[in-house]
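Working notes for the structure below.
The values are calculated or read from the model by the stated rules, or taken from the named source; none is laboratory data. Nothing here was measured: the structure is a model prediction, and the numbers come from that model. In this analysis, Cβ positions are derived from the backbone assuming ideal geometry, glycine residues included, and neighbour counts consider all displayed protein chains. To get the accessible areas, we keep the full protein, side chains included, count just its heavy atoms, and leave off ligands, DNA and RNA. Shrake-Rupley method; radii C 1.70, N 1.55, O 1.52, S 1.80 Å.
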Amino acid sequence: MNNSDIDLSKLPKFVYIFLIALVAGILFWAFIGSSLLTEAPKMQEEHNETVRLINKYDTAMDQKDSIEKEIKRNNQEYEKKQKELFVDVDTCSKELEQYFKDKGIKLDNYALSTPTGDRQKRVSSAGYPVYSTDISIAYKDTYEKTLAFLKYIEKQTKGCYYVKSCTYRPDDAAKTGDVSIMITLYYYNTTEIATQAPTQAATKK
């Protein structure tokens, strides 16, 4: 019997399966496998870079809450500093009144003049003009408390003050004295923007 007389229909099924798989493997390698082998290092590097980016994003997401808290804290600190820098008549007046209350000093007179613009036309770096108001204070207490108050407005208050006059008339019998103080408060008027460019920056406290 020669080869031409072989009946292919009688071949086992596994032979057909083997031949099909062999042809498919050859075609796969010819058209796809060799390309994959060539591109494998590049694909691996792209994969590694993608993994690094995912890890970076995961880390950022894990830190999201702490970052938001830090931003909130910084905003609160900024607002606090703004309030401390740009004081006005109301905040300074309340601060002084609270000081006298805390020290047990009973005021006989506490009056503020009408605020006026700065004669030298000084403004802040943001363009807010400088204003001033005179504060008249009178009370009866000790010399030591009066001296402590003058040191307080010089070094500890939020406002910028100038002491125009201070009179102390002692009462030896009572170990106190009649006190009369006139001070000037300087502050930035944040409700108004100067119409011209600042020519001279105002001194900040």
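Per the conditions (1) at pLDDT 80 or above; (2) open to solvent by 80 Å² or more (accessible area, probe 1.4 Å); (3) over 26 Å from residue 184 (Cα atoms), the sole criterion not satisfied by residue 50 is (2).
Is it the case that residue 93 is under 30 Å from residue 160 (Cβ atoms) and modelled with pLDDT of 65 or more? Against the criterion (under 30 Å from residue 160 (Cβ atoms) and modelled with pLDDT of 65 or more), residue 93 qualifies. Selection of first residues in region 138-153 that are of a type in the set (A, V, I, L, M) and of second residues that are surrounded by 13 or more Cβ atoms within 10 Å (Cβ to Cβ), restricted to Cβ pairs under 6 Å at least 6 apart or on distinct chains, gives the following pairs, ordered by first then second residue: 138/180; 153/161. Whether a residue is among the basic types (Lys, Arg), at pLDDT 70 or above and either open to solvent by 100 Å² or more (accessible area, probe 1.4 Å) or under 29 Å from the mean Cα position of the chain (by Cα) (or both) was assessed, and residue 69 passes this test. Could you tell me which residue of region 104-119 is modelled with the highest pLDDT, considering only residues that are farther than 17 Å from residue 179 by Cα and exposed (fewer than 10 other Cβ atoms within 10 Å of the Cβ)? Across region 104-119, the extreme among qualifying residues is 114.
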